[in-house]
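The values are calculated or read from the model by the stated rules, or taken from the named source; none is laboratory data. Please read all numbers here as calculations on a predicted model, not as lab measurements. Positions of Cβ are generated from backbone atoms using ideal geometry, with glycine treated the same way; all protein chains shown enter the neighbour counts. Please note that ligands, DNA and RNA were not included when accessible areas were found on the heavy atoms of the full protein model with its side chains. Shrake-Rupley method; radii C 1.70, N 1.55, O 1.52, S 1.80 Å.
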Amino acid sequence: MSIKVTIVPVTAYQQNCSILKCEATGKAAIVDPGGDVERILAAVDSLGATVEKILLTHGHMDHCAASDVLRQQLGVPIEGPQKEDDFWIAKLPEWCQMSGFPHADAFVPDRWLDDGDTVTVGEQTLQVFHCPGHTPGHVVFLHDGQRLAWVGDVLFQGSIGRTDFPRGNHEDLISAIRGKLFPLGDDITFIPGHGPTSTFGQERQSNPFVADSRYG
């Protein structure tokens, strides 16, 4: 048995919210619910899944603004991101107002995650990698058995995450991608925070920001 994944683009930012269902148990996790709660819950229903937790890659509003609403509505915990993103989540109301984004209250996750941690979805286990740069507390989730990763806004098909936000760091981002993610294997497919999926191998070959050819 394995994980079944449904991607639900949410908010005006078309952020890739993922629903991960453990096929053995029917338990599910929602990754990065940025908004559009009704659409997310409709997708959960269509999967026939029971949500047991919410997983967050980082604290930007388009990835986490609906988290606390879902936590209260479903009675489930929020796990992630890494604690360095606390300042982003604490200022959610301000960021939403400045951006014309629907209001979201600040919240505190039930569990902060660190490099080397694991999280479970039913009987399945995901590895956690702390990959700062886009935000200081950004994490990536990997299901090694299916060679599938959820990378948030660290890496995209043909691009990388922005580093011009508060406490962003371009060097840290490149180091996380090339030092932590690429060594996991060219065959790993990743679901980014926005846009189409790709593989680490494809980005090593052709991504203008992090390709092997750029770094010798």
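See the values below:
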| item | result |
| --- | --- |
| Counted residues, the range 121-147 - those being surrounded by fewer than 18 Cβ atoms within 10 Å (Cβ to Cβ) and either basic (Lys, Arg) or under 15 Å from the mean Cα position of the chain (by Cα) (or both) | 2 |
| Answer residue from the range 172-216, given it is free of Cβ contacts under 8 Å to residues at least 12 places away in the same chain and not in a helix (DSSP H, G or I) and is farthest from the chain's Cα centre (by Cα) among those | GLY216 |
| Conditions (1) in contact with a Lys or Arg (Cβ under 7 Å, 6 or more places away or on another chain); (2) surrounded by 18 or more Cβ atoms within 10 Å (Cβ to Cβ): number failed by ASP68 | (1) |
| Lone unmet requirement of (1) within 17 Å of VAL5 (Cβ to Cβ); (2) in contact with a helix residue (DSSP H, G or I) (Cβ under 8 Å, 6 or more places away or on another chain) for ASP153 | (1) |
| Where ASP115 falls short, out of the listed (1) more than 16 Å from the chain's Cα centre (by Cα); (2) part of a loop (DSSP other than H, G, I, E, B) | (1) |
| Members of the range 62-71 found to be touching a Pro at 6+ places or on another chain (Cβ under 9 Å) and assigned to a helix (DSSP H, G or I), listed by number | HIS63, CYS64, SER67, VAL69, LEU70, ARG71 |
| Any hit, the range 72-80, residues being under 29 Å from GLU203 (Cα atoms), in a helix (DSSP H, G or I) and open to solvent by less than 40 Å² (accessible area, probe 1.4 Å) | no |
| Set SER99, SER67: member being modelled with pLDDT under 95 and not charged (D, E, K, R) | SER99 |
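Condition check ((1) open to solvent by less than 40 Å² (accessible area, probe 1.4 Å); (2) more than 19 Å from HIS143 (Cα to Cα)) across all residues:
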| residue | (1), (2) |
| --- | --- |
| ARG162 | no, yes |
| GLY168 | yes, yes |
| GLU171 | no, yes |
| ALA176 | yes, no |
| PRO183 | no, no |
| GLY193 | yes, no |
| ASN207 | yes, yes |
| TYR215 | no, yes |
